[in-house]
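Undergrad: First, the structure itself, so that you have it in front of you.
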Amino acid sequence: MAKRKNCPEEFKRDAVDLVYSSPDRTLTDIAHGLGIHLETLRKWIREDRTRAHAADGGRGADMTPDEKEELKRLRRENARLKEDNEILRKAAAYFARETTR
């Protein structure tokens, strides 16, 4: 039995982004290049599509494919920026605490 890897969320997002940005490559090729199983990559893509569908409340039918991709990109960027802000907030609190000692 193969050992399960717990991949970071950022790796998963980057893998899905790679699939969307590489229409000329097969899923098999991308999965092999990333060192993951094909079905794992398919699962991540399904999860991303489900998240995107839930995030727009199922209203994506009236959007063009380019608008949908832009919205996905902006939402991912927003999530990353929120993570960065949280890290910076914690770092600032740590350094403020250290300078008062």
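Undergrad: If R0 is 41 Å, what FRET efficiency do you get for GLU98 and GLU39 from their C-beta distance, rounded to 0.05?
TA: According to the calculation, E is roughly 0.30.
Undergrad: If you don't mind, another one. Going by average Cβ density within 10 Å per residue, which order do the peptides 6-12, 30-36, 94-100 take, highest to lowest?
TA: Result, highest mean Cβ count within 10 Å first: 30-36, 6-12, 94-100.
Undergrad: Sticking with this one: Starting from the Cα-Cα distance between GLU47 and ASP24, subtract it from 0.36 nm times their residue separation and give me the gain in nm to one decimal.
TA: Value of the extension gain: 6.1 nm.
Undergrad: While we're here: Over the Cα atoms of the chain, what is the Rg over Rh ratio if Rh follows Kirkwood?
TA: 1.11
Bear in mind that the values in this text are calculations on the coordinates, not laboratory data. Everything numeric here is computed off the predicted structure, so don't read it as measured data. We place every Cβ from the backbone using ideal geometry, glycine too, and count neighbours over all the protein chains shown.
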